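Student: The structure under discussion is supplied below as structure tokens; questions concerning it will follow.
The values are calculated or read from the model by the stated rules, or taken from the named source; none is laboratory data. Computed from a predicted model, the values in this text were never measured in an experiment. A quick note on method: Cβ atoms are made from the backbone with ideal geometry, for glycine too, and the neighbour counts reach across all protein chains shown.
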Amino acid sequence: MVNVFSEGFSQNAEQIKKSKRTRLEEENFLIDEIPENCALVSITMTIPGPIKNNRFLSHTFDVVVKDFLSNYNVVKEILWDITTGPEAFIIIEKDPGVLKEEAIKYESDKPLGAIFDINVFTVEGDSVDPITRKELGVPEKKCMICDNTKKECVTNQTHSDEEFRQFIDKLINDNIDF
Ligand SMILES: [Zn+2]
């Protein structure tokens, strides 16, 4: 057993916003490198509260990304182990629509999938666009804790950061060996 949130540097809203901007820049930067029959994938973790990364979260991220990618032919892989949370940018040889469906299935079927966001992008001309669940006719993502949608629980602040942290701590300890 490890105490997942016992380490790490607190991040403020400005730092998190900045890392989101940097992520969008990287996604756009990679446009030219994506071959025609490939999809761009960006993977992040959903970690409520000020601590977004430490050695336990980073290790969990590596294990899950490796497991997800074991199903695919990976053309390029970039991993950022940064204080605002680990991020991966991956170019995979696969139809983006099919890949998004498989990513959705991975998020809901694998226990640790609940705390991961696997975004799949299509490239059209000079822009990358995320494929949405709505486009695929798939129900919205569920909350990691209850049966509501993630959006409902975020909007209504149904769960406290502490409740999320306890849930994530148990989930990681149940599924990862340290
Ligand atoms: Zn909930």
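Student: Out of (1) hydrophobic (A, V, I, L, M, F, W, C); (2) more than 16 Å from the ligand (Cβ to nearest atom); (3) in contact (Cβ under 8 Å) with a residue 40 or more places away in the chain, what's the single condition that is false for Ile131?
Tutor: Exception for Ile131: condition (3).
Student: Of everything in the stretch 142-162, what is acidic (Asp, Glu) and more than 9 Å from the ligand (Cβ to nearest atom)? Give them in sequence order.
Tutor: Keep residues of the stretch 142-162 that are acidic (Asp, Glu), which gives 147, 152, 161-162.
Result: Asp161, Glu162.
Student: Continuing with this model, one more query. Can you name the number of the only condition in (1) touching a strand residue (DSSP E or B) at 6+ places or on another chain (Cβ under 9 Å); (2) away from the ligand (no atom under 16 Å from the Cβ); (3) of a type in the set (A, V, I, L, M) that Ala114 fails?
Tutor: Result: Ala114 fails condition (2) only.
Student: Identify, by number, the condition in (1) surrounded by 13 or more Cβ atoms within 10 Å (Cβ to Cβ); (2) over 21 Å from Thr122 (Cα atoms); (3) not charged (D, E, K, R) that Ser42 doesn't meet.
Tutor: It is condition (2) that Ser42 fails.
Student: Residues in the stretch 1-15 that are of a type in the set (A, V, I, L, M, F, W, C), exposed (fewer than 10 other Cβ atoms within 10 Å of the Cβ) and farther than 12 Å from Ile172 by Cβ: how many? Before the answer, list the steps.
Tutor: Pass one, the stretch 1-15, residues of a type in the set (A, V, I, L, M, F, W, C): 1-2, 4-5, 9, 13.
If we keep only those that are exposed (fewer than 10 other Cβ atoms within 10 Å of the Cβ) as well, we get 1, 13.
When the remaining residues are screened for being farther than 12 Å from Ile172 by Cβ, the result is 13.
Counting residues in the stretch 1-15 that are of a type in the set (A, V, I, L, M, F, W, C), exposed (fewer than 10 other Cβ atoms within 10 Å of the Cβ) and farther than 12 Å from Ile172 by Cβ gives 1.
Student: Still on this model: Just to be sure I understand the filter: pairs with C-beta atoms under 8 Å, separated by 6 or more residues or on different chains, first member in the stretch 20-43 and closer than 23 Å to Thr83 by Cβ, second member at pLDDT below 90 and of a type in the set (Lys, Arg). Which pairs pass?
Tutor: No pair meets every condition.
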